[in-house]
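Worksheet: the structure to be examined is printed underneath.
The values are calculated or read from the model by the stated rules, or taken from the named source; none is laboratory data. What you see is a predicted model; the values in this text were computed from it and never measured. Neighbour counts are summed over all protein chains in view; Cβ atoms, including those assigned to glycine, are modelled from backbone coordinates with ideal geometry.
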Amino acid sequence: MPKKIARIRNEEYTDEDAVLSAEQLGIDLIINPELETANEIVRLLRRADATDVIEFANGAIQLVGLRLDSKAQIVSQRLRDVSSNVSDLVFRTVAICRKDRTIIPTGDDYFLAGDQIFVVSKTESLPAVLELCGKKDERIEKLMILGGGKIGRLVAKELESDRALDIRLIESNRWKSQFVADQLQRTLVIQGDGTDVDLLASEGIVDMHAFVSATDDEESNIITSLLAHHLGVRRTVTLVSQSNYLPLMTSIGLDVAVDKRLITANAIARFIHKGEVVSVASLKGIDAEAIELVAAERSQIVKKNLHSIKFPESAIIGAVIRNGNVFVPVGDTKIQPNDKVVVFALPKAVANLEKMFQ
């Protein structure tokens, strides 16, 4: 039977206490692009030094994107040497983006300053992995949001549960600012022009730890994020609508950009993939996909040492989840039936990977 996916914008349809559920409506998946985007921004703010955060195995492991600078301990070291030096850490580097080129690395590849690396790690190990990469898992205590539309409002609403977080939201439209103020409980809503430097200064932008620009005007989002970065804000998240802007964000001085259309497409792809694929996600600015697969009982991948399996060159296994336990596989590891396996691959390898697990 064909699958039915509904794109909706009214939050009432996604509430737990909605009058009619998706099942009652005969819909297989209800997706709210604004809600998906807001959740992505919240994840990035909670993991402040990451350029990407994707959860697998119900949050047991995470795929995190990090940009290396010269202060990182691992710069100029080979991957295999880093792994042997910190053997107690459960993590694996599954991709390196270097000068617009995607590398699926081997143990003989080196970490270089300026690389954007993608690391699969147990969630509890992430603080130690961040420290190894020269990052600090610093807590954000002051946040300014530009734009009182659905995304900005949903981000503030989700973060209000953290009572130690000071949230300020700027909206230029008088009616909308009043509406947002009525919807939020602990957020200070300011009616004014977010591109006005004097307004930003008077509202304490120089003291902010993070700045989210989430208006419907892409140019305003980029300009205000650049301004926030120039004024010393530690973390900026910028909403864009053109995917070809994503690889340029870092080069012009911005930390993270989010694209509502790409996030929505990822959510749909996770649902419609066939076979034993649990989830799949494309990453911003990099030609690769992160895939979570389940090994079928009679698949090619099971009960053989990994080093004896002809695995696609443009793919790498990041982690294995077995009976709730997470581990990084080595050459002698044998995948067992029903293991969940997180694989990072270039698009050309995805079809072959699916066949190997079916």
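Please verify whether segment 185-192 includes one or more residues that are touching a residue at least 60 places away in the same chain (Cβ under 8 Å) and over 25 Å from the mean Cα position of the chain (by Cα).
no
Quick one: what pairs do we get from segment 100-111, first residue in the same structural domain as residue 311 (by TED's automatic domain parsing), second crowded, with 17+ Cβ neighbours inside 10 Å, C-beta under 7 Å, 6+ apart or different chains?
Here the result reads none, with nothing in segment 100-111 linked to a residue that is crowded, with 17+ Cβ neighbours inside 10 Å.
Return yes or no: is residue 114 at pLDDT 85 or above, buried (at least 23 other Cβ atoms within 10 Å of the Cβ) and not hydrophobic (A, V, I, L, M, F, W, C)?
Answer is no for this residue.
Determine whether segment 43-56 contains at least one residue that is farther than 19 Å from residue 121 by Cα and either modelled with pLDDT of 75 or more or part of a loop (DSSP other than H, G, I, E, B) (or both).
So far as segment 43-56 goes, no, none of its residues is farther than 19 Å from residue 121 by Cα and either modelled with pLDDT of 75 or more or part of a loop (DSSP other than H, G, I, E, B) (or both).
Suppose we keep only residues that are closer than 19 Å to residue 233 by Cβ and touching a residue at least 60 places away in the same chain (Cβ under 8 Å) within segment 152-163. Which one would you say is nearest to the chain's Cα centre (by Cα)?
Ranking the qualifying residues of segment 152-163, first place goes to 155.
For residue 311, state whether it is aromatic (Phe, Trp, Tyr), surrounded by 15 or more Cβ atoms within 10 Å (Cβ to Cβ), out of contact with any Lys or Arg (no Cβ under 6 Å at 6 or more places or on another chain) and not in a loop (DSSP other than H, G, I, E, B).
For residue 311, the condition - aromatic (Phe, Trp, Tyr), surrounded by 15 or more Cβ atoms within 10 Å (Cβ to Cβ), out of contact with any Lys or Arg (no Cβ under 6 Å at 6 or more places or on another chain) and not in a loop (DSSP other than H, G, I, E, B) - is not met.
Of all residues in segment 76-111, which are surrounded by fewer than 17 Cβ atoms within 10 Å (Cβ to Cβ), modelled with pLDDT of 85 or more and more than 20 Å from residue 315 (Cβ to Cβ)?
76, 77, 78, 81, 110
Anything in segment 129-157 that is in a helix (DSSP H, G or I) and surrounded by fewer than 17 Cβ atoms within 10 Å (Cβ to Cβ)? List them, or say none.
Correct list: 131 only.
Look at residue 73 and say whether it is farther than 18 Å from residue 289 by Cβ, at pLDDT 75 or above and surrounded by 13 or more Cβ atoms within 10 Å (Cβ to Cβ).
yes
All but one of (1) of a type outside the set (S, T, N, Q); (2) in contact with a helix residue (DSSP H, G or I) (Cβ under 9 Å, 6 or more places away or on another chain); (3) over 28 Å from residue 115 (Cα atoms); (4) modelled with pLDDT under 80 hold for residue 272; state the number of the condition that does not hold.
(2)
So, in segment 326-336, exactly how many residues are in a strand (DSSP E or B), of a type outside the set (Val, Ile, Thr) and modelled with pLDDT of 80 or more?
Counting residues in segment 326-336 that are in a strand (DSSP E or B), of a type outside the set (Val, Ile, Thr) and modelled with pLDDT of 80 or more gives 1.
Just to check your reading of the model, which residue among 23, 36 is modelled with pLDDT of 80 or more and more than 20 Å from residue 114 (Cα to Cα)?
Sole residue among the options that is modelled with pLDDT of 80 or more and more than 20 Å from residue 114 (Cα to Cα): 36.
Assigned by TED's automatic domain parsing to the domain that holds residue 154, surrounded by 18 or more Cβ atoms within 10 Å (Cβ to Cβ) and farther than 23 Å from residue 163 by Cα - does that describe any residue in segment 208-217?
There is at least one residue in segment 208-217 that is assigned by TED's automatic domain parsing to the domain that holds residue 154, surrounded by 18 or more Cβ atoms within 10 Å (Cβ to Cβ) and farther than 23 Å from residue 163 by Cα.
On the basis of being surrounded by fewer than 21 Cβ atoms within 10 Å (Cβ to Cβ) and free of Cβ contacts under 8 Å to residues at least 12 places away in the same chain, does residue 334 make the cut?
Judged against the criteria, residue 334 is not a match.
Rundown of residues vs (1) within 24 Å of residue 7 (Cβ to Cβ); (2) modelled with pLDDT of 75 or more, yes/no style:
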| position | (1), (2) |
| --- | --- |
| 215 | yes, yes |
| 218 | yes, yes |
| 250 | no, no |
| 281 | yes, no |
| 290 | yes, yes |
| 302 | no, yes |
| 309 | no, yes |
| 318 | no, yes |
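Only one of (1) closer than 16 Å to residue 111 by Cβ; (2) surrounded by 15 or more Cβ atoms within 10 Å (Cβ to Cβ) fails for residue 45. Which number is that?
Condition not satisfied by residue 45: (1).
I'd like the full set of residues that are touching a residue at least 40 places away in the same chain (Cβ under 8 Å) and either assigned to a helix (DSSP H, G or I) or among the small types (Gly, Ala, Ser) (or both), limited to segment 337-358.
345, 347, 350, 352, 353, 354, 355, 356, 357
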